[in-house]
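To start, the structure under review is shown below, and the notes come after it.
The values are calculated or read from the model by the stated rules, or taken from the named source; none is laboratory data. Every value quoted in this text rests on a predicted model; they were computed, and no experiment measured them. Every residue, glycine among them, receives a Cβ derived from its backbone with ideal geometry; neighbour counts consider all protein chains shown. All accessible areas refer to the heavy atoms of the entire protein, side chains included, with ligands and DNA or RNA removed. Shrake-Rupley method; radii C 1.70, N 1.55, O 1.52, S 1.80 Å.
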Amino acid sequence: MPKKKIIVVFGATGAQGGSVARIFLTDPVLKDEWTVRAVTRDPTKETAKTLEAQGAQLVQADLNDKASLVRAMSGATEVFAVTNYWESLSIDVEIQQGKNLVDAAKEARVEHFIWSSLPNITKLSNGELSNVYHFDGKAQVEDYARESGIPATYFFAGSYMSNLPGSVLRLSPINNAWTMALPIPGTAPLPLFDVDDTGKFVKGIVRNREKLLGKRILGAESYVTCDQIVEEFKKAFPEAGKTALYYELVPETYLKIIKGLGFPDYAAQELLENMLLLHRFGYFGGEKLDESHSILEDKLTTWPEFIRKASAFEGLK
């Protein structure tokens with residue numbers, strides 16, 4: 001039996017990385033071809049132990065320690081790399097961590113580096129939206145990876161469906177109606193994405209490596225407007241949804257709400273501009289999803305399917 005190839009998964013105990021690890025551990029074809037090396041800072045975490053029980057090799061490494069990253073990637077064919085801006089709320093920290101990953105991949109001579117990137121919004125908006133740091137930082141790492149010459153493909157995660165139920169789309173205490181409120185028109189499109197589908201995209205990237213080197217793959221099931229998001233909720237839950245509505249917030253009100261959640265001023269402004277992006281320039285700059293979908297072998301989760309399993313909507317009729 002041929003020796004299994006190694007895929008190193010960073011963020012393996014998180015949302016994107018966890019999905020990648022699971023599909024390579026459970027897919028009928030992939031599990032016989034690949035060994036999953038799950039990277040974590042804390043191997044004692046319950047999520048890490050679960051991955052180990054499923055057959056993953058646990059490796060301890062720190063994104064701030066390049067030497068540990070080189071060790072984690074040693075002998076690997078594929079690497080899925082992701083950083084979490086919201087952990088530090090610092091673009092400088094995220095960029096340095098991303099560069100550490102790129103440098104380590106080059107030193108370890110990784111055959112294929114898959115970077116979880118995002119568009120540069122300052123450039124996309126011609127400077128109008130210059131504070132969306134969690135996009136721009138990843139984009140700068142992508143530029144660095146391209147300049148380094150490593151063989152790479154870039155995965156862009158869309159708007160997480162999981163961010164909507166119970167937070168953005170929630171029961172309003174004012175009128176006891178399910179309400180979705182954002183500082184954009186109801187016609188603004190969101191590239192909706194079930195983060196559990198990350199692995200499906202990465203599977204497609206790995207199986208189409210040669211033709212996707214240097215390319216970007218957009219992670220979204222479809223573009224869905226705010227109005228459509230609420231309409232699908234109404235269809236799924238006719239009783240609870242009969243008074244459901246979408247409400248366009250004034251930007252100043254949105255800022256006040258975000259600051260009230262404990263975010264510093266600059267992060268609140270970042271989230272506001274992230275919202276404005278959807279209406280003014282498009283999350284992916286208006287790019288179509290067809291090419292990204294063409295590499296998939298597994299069906300993506302739709303918004304109507306997702307809301308029926310969302311815990312925040314459990315028990316609704």
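Could you please give the count of residues in the range 96-123 that are in contact (Cβ under 8 Å) with a residue 24 or more places away in the chain and open to solvent by 60 Å² or more (accessible area, probe 1.4 Å)? Quick ask: steps written out before the conclusion?
Within the range 96-123, the first condition is being in contact (Cβ under 8 Å) with a residue 24 or more places away in the chain, and the residues that meet it are 96-108, 110-119, 121.
Keeping just the survivors that are open to solvent by 60 Å² or more (accessible area, probe 1.4 Å) gives 96, 99, 106-107, 111.
Going through the range 96-123 one residue at a time, the tally reaches 5.
Which numbered condition in (1) open to solvent by 50 Å² or more (accessible area, probe 1.4 Å); (2) out of contact with any Ser or Thr (no Cβ under 8 Å at 6 or more places or on another chain); (3) within 25 Å of ALA139 (Cα to Cα); (4) part of a loop (DSSP other than H, G, I, E, B) is the only one that LYS3 fails?
Of (1) open to solvent by 50 Å² or more (accessible area, probe 1.4 Å); (2) out of contact with any Ser or Thr (no Cβ under 8 Å at 6 or more places or on another chain); (3) within 25 Å of ALA139 (Cα to Cα); (4) part of a loop (DSSP other than H, G, I, E, B), only one is false for LYS3: (3).
With the condition kept exactly as written, say whether any residue in the range 177-186 is more than 19 Å from the chain's Cα centre (by Cα), at pLDDT below 95 and either farther than 27 Å from PHE113 by Cα or open to solvent by 20 Å² or more (accessible area, probe 1.4 Å) (or both).
Yes, that holds for at least one residue.
Please enumerate the residues belonging to the range 144-156 that are of a type in the set (A, V, I, L, M) and open to solvent by 10 Å² or more (accessible area, probe 1.4 Å).
ILE150
Within the range 155-168, identify whether any single residue is in contact with a strand residue (DSSP E or B) (Cβ under 8 Å, 6 or more places away or on another chain), farther than 23 Å from SER292 by Cα and assigned to a helix (DSSP H, G or I), and answer yes or no.
no
Being in contact with an Asp or Glu (Cβ under 8 Å, 6 or more places away or on another chain) and open to solvent by less than 20 Å² (accessible area, probe 1.4 Å) is the requirement here; does SER68 meet it?
Yes; evaluated as a whole, the condition is true for this residue.
Looking at (1) more than 19 Å from the chain's Cα centre (by Cα); (2) among the hydrophobic types (A, V, I, L, M, F, W, C); (3) not in a helix (DSSP H, G or I), which is the one condition that is false for ILE258?
Just one mismatch for ILE258, condition (3).
What's the number of the condition PHE193 fails, among (1) surrounded by fewer than 22 Cβ atoms within 10 Å (Cβ to Cβ); (2) without any contact (Cβ under 8 Å) to a residue 40 or more places away in the chain; (3) not polar (S, T, N, Q)?
With (1) surrounded by fewer than 22 Cβ atoms within 10 Å (Cβ to Cβ); (2) without any contact (Cβ under 8 Å) to a residue 40 or more places away in the chain; (3) not polar (S, T, N, Q) applied to PHE193, the lone miss is (1).
Can you tell me which residues in the range 71-95 are surrounded by 15 or more Cβ atoms within 10 Å (Cβ to Cβ) and touching a Gly at 6+ places or on another chain (Cβ under 9 Å)?
If the condition is that a residue be surrounded by 15 or more Cβ atoms within 10 Å (Cβ to Cβ) and touching a Gly at 6+ places or on another chain (Cβ under 9 Å), then PHE80, ALA81, VAL82, THR83, ASN84, TYR85, ILE91, VAL93, GLU94, ILE95 are the ones that fit.
Give all pairs with beta carbons closer than 8 Å in which a residue from the range 214-234 that is free of Cβ contacts under 8 Å to residues at least 40 places away in the same chain meets a residue that is outside any helix (DSSP H, G or I) and of a type in the set (Ser, Thr, Tyr); count only pairs at least 6 apart in sequence or on separate chains.
THR225/THR187
Name the residue that is surrounded by the most Cβ atoms within 10 Å (Cβ to Cβ), counting only residues in the range 31-59 that are modelled with pLDDT of 95 or more, assigned to a strand (DSSP E or B) and not hydrophobic (A, V, I, L, M, F, W, C).
ARG37
Test of understanding: among GLU273, GLU252, which residue is free of Cβ contacts under 8 Å to residues at least 12 places away in the same chain and either part of a helix (DSSP H, G or I) or buried (at least 16 other Cβ atoms within 10 Å of the Cβ) (or both)?
GLU252
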